[in-house]
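Everything on this sheet refers to the single structure shown next.
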Amino acid sequence: MKLTLKRVRRRNIMEKIDLEKMRAERRAHRKETKWMKGLKNDVISNIKKFKPSKVEFFVSEPTRVLCVIRANGSKAMGVAICSTLDTFDVFEGKKRAAERAIKALTNKKTDDKIREAFPNTWTFAQARRVARNNVGYKSVFVS
């Protein structure tokens with residue numbers, strides 16, 4: 001088959017279309033799996049069991065990570081607050097927040113109240129951090 005200018009142009013156009021389609025698919029895949037970054041496989045598989053429509057993480061460094069999982073018309077939230085005695089680690093916070101959101105989805109109830117009374121051994125900075133980031137509960141379920 002003889003390559004004419006017309007065939008070469010057609011092939012280039014088709015290659016460009018395929019390339020754009022591939023890029024769009026890659027962007028969509030990256031967007032779908034962005035929340036998985038830094039989570040261990042067991043946590044990811046536990047989240048996927050609920051077939052979530054959306055999973056989001058909100059990180060307010062250096063204190064709090066919030067995980068929101070929307071699945072089956074319900075919404076579950078998990079909160080992880082970093083102690084002043086610890087070094088903030090985003091991935092550890094994501095793991096704890098995700099596990100608490102999974103717990104709320106599994107039990108279908110709000111649970112684990114965040115402390116309101118603080119031990120005498122805590123410093124003022126520790127108590128202030130928890131009080132400032134207090135959303136009420138560590139795991140919240142909304143139907």
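Remarks
- Residue match in segment 95-109 (condition: exposed (fewer than 14 other Cβ atoms within 10 Å of the Cβ), among the polar types (S, T, N, Q) and either under 18 Å from GLY136 (Cα atoms) or touching a helix residue (DSSP H, G or I) at 6+ places or on another chain (Cβ under 7 Å) (or both)): yes
- Test: residue in segment 47-64 that is at positive phi and either more than 12 Å from the chain's Cα centre (by Cα) or in the same structural domain as GLY136 (by TED's automatic domain parsing) (or both): yes
- Just so you know, in segment 124-143 the residues that are at pLDDT below 75 and hydrophobic (A, V, I, L, M, F, W, C) include one that is farthest from GLU99 (Cα to Cα), and it is ALA131.
- Tally of residues being crowded, with 19+ Cβ neighbours inside 10 Å and modelled with pLDDT of 90 or more across segment 53-64: 2
- With a requirement of 1 or more residues that are among the hydroxyl-bearing types (Ser, Thr, Tyr), in contact with a Phe, Trp or Tyr (Cβ under 8 Å, 6 or more places away or on another chain) and touching a residue at least 60 places away in the same chain (Cβ under 8 Å), the strands (runs of 3 or more DSSP E) lying completely within segment 28-96 that satisfy it span 74-81.
The values are calculated or read from the model by the stated rules, or taken from the named source; none is laboratory data. Quick caveat: nothing in here was measured; it's all calculated off a predicted structure. Note: ideal-geometry Cβ built from the backbone for every residue, glycine included; neighbour counts use all protein chains shown.
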